[in-house]
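I have placed the structure first, in the form of structure tokens, so that the comments after it can refer back to it.
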Amino acid sequence: MTGRIPLVLCAFVFALATVAAAQDLRFPARVEAGTAFSIPTTGSGEATLYVVGPGDAIARKVHLGEEIEFEADDLHNAGHYLAILTGSSSVSTQFDVVPSRQPASLSFLAKPSRLAVNRPDGISGVTYIFDIFGNLLLKPEDVSFQLSDATGGTQLRNASSHEGVAWVQMNSAPKAGPAHFQATLSGVHATRIVEEVPGDPCSIHMTARPASSGRVLLQTDPVRDCNGNPVPDGTIVSFTETHDGRVSTVDVPLKRSVAQTELPAASGATISVAAGVVLGNEIRWGGR
Amino acid sequence: MSANFMSDDQQSANPEFVEQKPRRTGTGILFALILFALTAALIAIGTIWPNQEDSGVAEPRGRVVISASSPQVAVNDLLQQIARRDWHAAYELLANKGEFSESEFRNDIIGEYGSLRSYATLNQFDVQSVHASEDQAQMRAHMIWASVVGTFEDSRDLRVVKNGRRWEVSWPLVKEARVPPQVIPVNYLRWDVIYRGPEDDWGAQDVEAPHVRIVAMHPVDRADEVILMGEILNEDVIPAFVTVKASLLDSKGRVIGTEDAFDKISHVLLPKQVSPFRIDFHNTRLSQVDSIRMQPSSNLVPASADPVIGIESQKLNPLPNASLSGQLVNQSGQVVNVAHVIGTFYDGGGQIVWVADQYPSRALLPGTPVPFQITLPADISNKVKTYRAVTTTYISSRIQ
């Protein structure tokens, strides 16, 4: 049932629009969203003006022969509009509402929100330019993109918008940390945080020393990636001890870049360490 | 014994049919006498040499026999009381009550720290006689407990002594380890997450889900089921809650079945941590399967890097009791109520041949080893060359 309503409305509008009329209706071909304007009418007597567009529908009683005034907030959704004047006869016209010239907001999509350091073109930024009414600004605009990494280094790129969209690709910095990614246009800016995280451990080295109650204390040196960044805390480091056909393992999360644990101290045991696919050194425990 | 397969109609219609009355002969009387004598002999044998083995199904509403007339009855009565969780009644049946208190007895059976045992019920038991004399006997009680994660078994060698006319069980109390009061400093590492809010602009990015990857997958055909086994890696720098779902597709792309790993996986993975997974498809043959669609998923969740559990003295045990055994050692300061051990077993080529798990029934106290044993099928155990075990932990204070 509801699907028939637009059809009936269209038929009604079409019928009205095709009726020849004495009245005249002259809208400007393009109206900027959010601007006040007026249109002249001819004839005399009472009539009703219907204006139908995307997200807007206006019905207004008018006196023919007088100007019809539109306030600044009457028409603010950009798009194609249909105006119909019905009185003793009907007349219709069509016009466009275009976005405001002034950009008011940027919708900024920065992807990914988290990536490893030193990735060329690893970060993409896409902006959608909108006016104050949320209309997409279709005319070309120059958008400035700036990526500031944790060490203060910045990358600057400019991109011209096309059909309301501008985009760039940026490199991730060699140093880990939160990077501020900002898009700017005519004093309007939007900022996103991109977390630049260390890569896989570059190497692992552990030391062993006797601990209390017949156990051996194992501790890694600070674990870093190949750019010298500390590998994030929580990364799992696996210690494995093999002795006399028995295996002891423990998965330890890095804390302050160091993994530390205790395993049984068996003389002659072989102890190895690894994180992901990176193997560290091996220790043969002699009991001292 | 004979049988007449002709109906009454057939009989009446058959002119040659002659009704025969049963004949009483001396054979029937003889047969009855033999049967009577045999029954009497069996009763006498059973009375003089009673069965030394017993088994039972725990009956929570079972009748209490106070005066046990034999070691078997004494053990049965005790285990029935344990099944009813009537600790006082069970304690009263013991011969060595003076050696420990009722609460120590209860803690020995169900644990003190809210472990798997605390919520399990004794489902079934077998009692076997190991040795018996006039006034004491050695019995072996094999108990099967039912818990939310399946059954687990427990065996106790019980000494049963005769006290007057009554047999009583001397309970071999195993005192649960206690950790002396102390302060254990822990550098606590956890992740908290702030998600985007409803008022945020549609372009405002949310925190991304962790990046996870299936690094191995191997389907096997076994009896009437297809088993998918594999490993999943959290390759991100943040913790992930992972699930693995799989769909079996036939040659026309139709879905035969969809299952997930449920508890045969470690769901919370810290950065660079690998978990095995196993997905069982019942009543399916691998020959029906043309392709497999794997669907790993991950969510960013607040997580903690503790506790750290060492898996020590792992050893592959050969047939007939093929298994991986070892000890879990809680290296942190928190009591772990329930631990879960998942073992991945590889052949000589490094391919996964089996994934199995076990829930130790005892809580993990700091620094206190708790044994575990993961059973391997006999046909698989011959193929296993290497293995890897991981643990997951459940701490009740975090759930509340």
Checked region B:138-187 for anything of a type in the set (V, I, T), under 30 Å from A:V252 (Cβ atoms) and assigned by TED's automatic domain parsing to the domain that holds B:N123; matches are B:V148, B:V149
A careful count of residues in region A:135-148 that are buried (at least 19 other Cβ atoms within 10 Å of the Cβ), of a type in the set (A, V, I, L, M) and over 17 Å from the mean Cα position of the chain (by Cα) gives 1
Considering residues that are within 14 Å of chain A (Cβ to nearest Cβ) and surrounded by fewer than 16 Cβ atoms within 10 Å (Cβ to Cβ), the number found within region B:334-357 is 1
Here the residues within region A:262-271 that are within 12 Å of chain B (Cβ to nearest Cβ) and either outside any loop (DSSP other than H, G, I, E, B) or of a type in the set (K, R) (or both) are A:E262, A:L263, A:P264
Per the filter on region B:295-321, residues within 12 Å of chain A (Cβ to nearest Cβ), crowded, with 18+ Cβ neighbours inside 10 Å and either of a type in the set (G, A, S) or part of a loop (DSSP other than H, G, I, E, B) (or both) are B:A303, B:S304, B:A305, B:D306, B:P307, B:V308, B:G310, B:S313
Expected single match for within 21 Å of the chain's Cα centre (by Cα), more than 14 Å from chain B (Cβ to nearest Cβ) and of a type outside the set (D, E) among A:I132, A:I123 is A:I132
Quick count over region B:368-400, residues being assigned to a loop (DSSP other than H, G, I, E, B) and closer than 28 Å to B:Y113 by Cα, is 4
Taking B:I144, is it more than 14 Å from chain A (Cβ to nearest Cβ), surrounded by 15 or more Cβ atoms within 10 Å (Cβ to Cβ), more than 28 Å from B:S101 (Cα to Cα) and at pLDDT 90 or above?
no
Flagged in region B:110-136 as farther than 25 Å from B:H88 by Cβ and crowded, with 19+ Cβ neighbours inside 10 Å, in numbering order, are B:S129
Scanning region A:233-261 for residues that are assigned to a strand (DSSP E or B), within 7 Å of another protein chain (Cβ to nearest Cβ) and either farther than 13 Å from B:Q273 by Cα or more than 47 Å from the chain's Cα centre (by Cα) (or both) gives A:R246, A:V247, A:S248, A:T249, A:K255, A:T261
Closer than 25 Å to B:I395 by Cβ, in a loop (DSSP other than H, G, I, E, B), out of contact with any strand residue (DSSP E or B) (no Cβ under 6 Å at 6 or more places or on another chain) and away from chain A (no Cβ under 14 Å): is that true of B:D236 in this structure?
no
Apart from one, (1) within 14 Å of chain B (Cβ to nearest Cβ); (2) more than 30 Å from A:I271 (Cα to Cα); (3) not aromatic (F, W, Y) all hold for A:G199; the odd one out is (2)
Filtering region B:322-344 down to residues that are touching a residue at least 40 places away in the same chain (Cβ under 8 Å) and either under 16 Å from A:G245 (Cα atoms) or in a loop (DSSP other than H, G, I, E, B) (or both) yields B:A322, B:S323, B:L324, B:S325, B:G326, B:Q327, B:S332, B:G333, B:Q334, B:V335, B:N337
**Item:** Selection status of B:A246, within 12 Å of another protein chain (Cβ to nearest Cβ) and either buried (at least 23 other Cβ atoms within 10 Å of the Cβ) or in a loop (DSSP other than H, G, I, E, B) (or both)
**Value:** no
| query | Looking at B:L324, is it within 12 Å of chain A (Cβ to nearest Cβ), within 18 Å of the chain's Cα centre (by Cα) and more than 30 Å from B:D206 (Cβ to Cβ)? | reply | yes
Counting only residues in region A:272-288 that are at the interface with chain B (Cβ under 10 Å from one of its Cβ atoms) and assigned to a loop (DSSP other than H, G, I, E, B), the one farthest from B:P307 (Cα to Cα) is identified as A:V277
Scanning region A:35-51 for residues that are hydrophobic (A, V, I, L, M, F, W, C) and surrounded by 17 or more Cβ atoms within 10 Å (Cβ to Cβ), the one nearest to A:L138 (Cα to Cα) turns out to be A:V51
Of the residues in region A:1-34, those that are surrounded by 16 or more Cβ atoms within 10 Å (Cβ to Cβ), modelled with pLDDT of 80 or more and either polar (S, T, N, Q) or more than 37 Å from the chain's Cα centre (by Cα) (or both) come to A:F27
Subset of region B:267-294, residues within 29 Å of the chain's Cα centre (by Cα) and either assigned by TED's automatic domain parsing to the domain that holds B:F345 or within 13 Å of B:R213 (Cβ to Cβ) (or both), comes to B:L269, B:Q273, B:V274, B:S275, B:F277, B:M294
Filtering strands (runs of 3 or more DSSP E) wholly in region A:63-115 for at least 2 residues that are surrounded by 19 or more Cβ atoms within 10 Å (Cβ to Cβ) and within 14 Å of chain B (Cβ to nearest Cβ) gives A:105-111
Apart from one, (1) surrounded by 20 or more Cβ atoms within 10 Å (Cβ to Cβ); (2) more than 11 Å from chain B (Cβ to nearest Cβ); (3) over 30 Å from A:E141 (Cα atoms) all hold for A:L217; the odd one out is (1)
Out of all the residues in region A:161-172, is one or more within 14 Å of another protein chain (Cβ to nearest Cβ), in contact with a Phe, Trp or Tyr (Cβ under 9 Å, 6 or more places away or on another chain), of a type outside the set (V, I, T) and surrounded by fewer than 16 Cβ atoms within 10 Å (Cβ to Cβ)?
no
The condition of being farther than 24 Å from B:N96 by Cα, surrounded by fewer than 17 Cβ atoms within 10 Å (Cβ to Cβ) and within 14 Å of chain A (Cβ to nearest Cβ) holds, among B:D221, B:D192, only for B:D192
Of the listed residues (B:S155, B:S101), the one being loosely packed, with under 15 Cβ neighbours inside 10 Å and either within 29 Å of B:Q334 (Cβ to Cβ) or of a type in the set (V, I, T) (or both) is B:S101
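The values are calculated or read from the model by the stated rules, or taken from the named source; none is laboratory data. Fair warning: this is a prediction, and the values are worked out from it, not measured in the lab. In this analysis, Cβ positions are derived from the backbone assuming ideal geometry, glycine residues included, and neighbour counts consider all displayed protein chains.
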